[in-house]
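Some notes on the structure that comes next.
The values are calculated or read from the model by the stated rules, or taken from the named source; none is laboratory data. For clarity, every value in this text was computed on a predicted model and none was experimentally measured. Please note: Cβ atoms are built from the backbone with ideal geometry, for glycine as well, and neighbour counts cover all protein chains shown.
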Amino acid sequence: MLVDQAPKADPHVDGDWLAVRQALGTRIRTLRMNRNWSQQKLADSAGTRQAKVSLLESGRIEPELGLVYRIARTFEVTIPELFGGEETRKRGRPRSKPAPSSSNS
């Protein structure tokens with residue numbers, strides 16, 4: 001008799017994913033608060049329920065791709081920006097300036 005066995009959870013991956021969920025929730029909350037929107041207004045604009053927005057902002061639920069897409073569109077940002085990718089790059093190391101060209105003309 002075969003027994004289905006769930007794969008063992010990798011604590012490093014699970015911890016990383018929890019951090020991503022929490023960061024996404026924080027970013028959504030920040031974007032919402034910057035616009036002085038209630039959770040209900042965001043929920044109405046993104047086609048979901050206020051309770052789901054609350055759970056998403058707190059990092060307690062898995063973000064559904066469709067909902068992430070609708071929230072990004074609502075805030076007029078890209079999905080990477082919603083996850084903080086753009087800001088991280090902007091705050092990261094400064095781009096190196098091109099070396100001055102040495103022309104002996």
Would you pick out the residues in the stretch 36-54 that are free of Cβ contacts under 8 Å to residues at least 12 places away in the same chain and surrounded by 15 or more Cβ atoms within 10 Å (Cβ to Cβ)? W37, K41, A43, D44
Would you mind stating whether P80 is at pLDDT below 95, out of contact with any Phe, Trp or Tyr (no Cβ under 6 Å at 6 or more places or on another chain), in a helix (DSSP H, G or I) and surrounded by 13 or more Cβ atoms within 10 Å (Cβ to Cβ)? yes
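Given the options T26, T74, name the one that is surrounded by 13 or more Cβ atoms within 10 Å (Cβ to Cβ), of a type in the set (S, T, Y) and out of contact with any helix residue (DSSP H, G or I) (no Cβ under 7 Å at 6 or more places or on another chain).
Of the residues listed, the single one that is surrounded by 13 or more Cβ atoms within 10 Å (Cβ to Cβ), of a type in the set (S, T, Y) and out of contact with any helix residue (DSSP H, G or I) (no Cβ under 7 Å at 6 or more places or on another chain) is T26.
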Give the number of residues within the stretch 35-57 that are of a type outside the set (A, V, I, L, M) and either within 11 Å of the chain's Cα centre (by Cα) or at pLDDT below 95 (or both). 1
